[in-house]
Amino acid sequence: MFVVTGATGNVGRSLVQVLAAAGAQVTATSRGISDEDVPESVQYTRADLVDPESLRPVFDGADALFLQSGGPSAHLLSPQDILDVAKAGGVGRVVLLSSQGVATRPHSASHGDLGRSIEDAVQQSGMDWTILRPGGFNSNAYAWAESVRARRTAAAPFADIGLPTIDPDDIAEVAAAALREDGHAGQIYELTGPALSTPRQRAEAIANALGEPVRFIEQTRDEARAQMLRFMPEPVVETTLSILGEPTPAEQRISPDVERLLGRAPRTFADWAQRHIAAFR
């Protein structure tokens with residue numbers, strides 16, 4: 001049985017569907033999960049990673065765990081306590097959704113230090129572990145959904161700086177492989193899309209999927225910072241802006257791991273936009 005934490009998130013929701021479609025027994029967990037969030041064959045339990053004891057019933061009889069380490073409450077997590085409860089329930093394999101920033105921004109308190117502490121706990125857990133380090137998600141474009149629907153505009157800083165953003169569904173498929181198949185223990189996979197794309201190009205891809213023009217507005221760094229501070233802590237905002245505006249060569253590198261693991265190229269941003277265009281209509 002597979003336990004998927006963060007089962008209502010961009011990656012977790014897709015992972016639950018991939019595992020269920022393969023006939024796997026799945027328990028999905030999140031703080032606000034309901035039967036509308038999962039396929040009929042999937043059990044679900046409301047639980048909070050910040051409270052590892054709330055997960056004890058979830059892990060009873062489980063074989064493998066998908067652990068999502070990100071989100072605004074990441075600094076409150078006690079990964080060692082979570083892993084101890086999982087091991088007590090019988091879990092022998094853990095797949096951690098981490099972040100590329102652990103490697104590319106090792107001295108950042110919001111990305112490197114925090115992510116590294118969670119990775120270290122997983123690596124020292126005594127379980128078979130696999131770590132996934134994706135770059136930016138294509139689904140971050142949902143931040144434009146309201147303005148595209150209302151005004152057919154999309155605003156972002158650093159209009160022409162490209163990053164190889166990744167489709168969360170590709171991350172989910174890699175996670176499913178690592179959970180279900182042998183041969184992934186002790187591996188760290190860097191997950192990116194197939195090509196660099198810029199904010200301007202991503203807005204154009206949404207326009208093409210809509211069949212209507214979308215006007216791109218380039219923000220200044222200060223404008224973007226003020227907007228991001230409404231929903232992100234300041235250290236996360238500063239590091240994120242640095243990645244977007246001054247990416248390192250490693251952050252712009254196209255990783256071969258998705259294609260090597262799935263036997264196909266990663267999906268493009270244009271493909272993601274076509275599949276999710278309803279959010280922008």
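Quick note: the coordinates plus some simple rules give every number you see, no bench work behind them. Predicted model, so just to flag it, every value in this text is computed and none were measured. Positions of Cβ are backbone-derived with ideal geometry, glycine not excepted, and every protein chain shown enters the neighbour counts.
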Revision key, fill the gap. Full extension between Q219 and H107 adds, at 0.36 nm per residue less the Cα distance, a length in nm of 37.6 nm
Check your understanding: In deg cm²/dmol, rounded to 500, what helix-only [θ] at 222 nm does the chain give when every DSSP H run of at least 4 residues adds -39500 (n - 2.57) and the total is split over its residues?
Key -> -10500 deg cm²/dmol
Check your understanding: Once the piece of chain linking D120 and A88 is laid out straight, how much longer is it, given 0.36 nm per residue of separation minus the C-alpha distance between them?
Key -> 9.6 nm
Revision key, fill the gap. Across all Cα atoms of region 206-267, Rg and the largest Cα-Cα distance (Dmax), in Å, are 16.4, 42
Check your understanding: Distance from the Cα centre of region 1-73 to that of region 85-154, in angstrom?
Key -> 16
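For region 1-86, count all C-alpha to C-alpha pairs, find those more than 22 Å apart, and express that count as a whole percent of the total.
Roughly 17 percent, rounded to a whole number.
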**Study point:** By average C-beta atoms within 10 angstrom, highest first, the peptides 221-228, 150-157
**Key:** 150-157, 221-228
Check your understanding: Helix 168-180 versus the longest principal axis of the chain: what angle, 0 to 90°, nearest 10, using Cα atoms?
Key -> 20
Check your understanding: Taking the Cα-to-Cβ direction at R31 and at R253 and moving 7 Å from each Cα, how far apart do the two end points lie in nm?
Key -> 3.5
Study note, to complete from the structure: Taking 260-270, 20-30 and ranking on average Cβ neighbours within 10 Å, highest first, one gets 20-30, 260-270
Exercise for review: Along Cα→Cβ, 7 Å out, is where each label goes; now give me the distance between the ones at Q187 and A159 in nm to one decimal.
Suggested key: 4.1
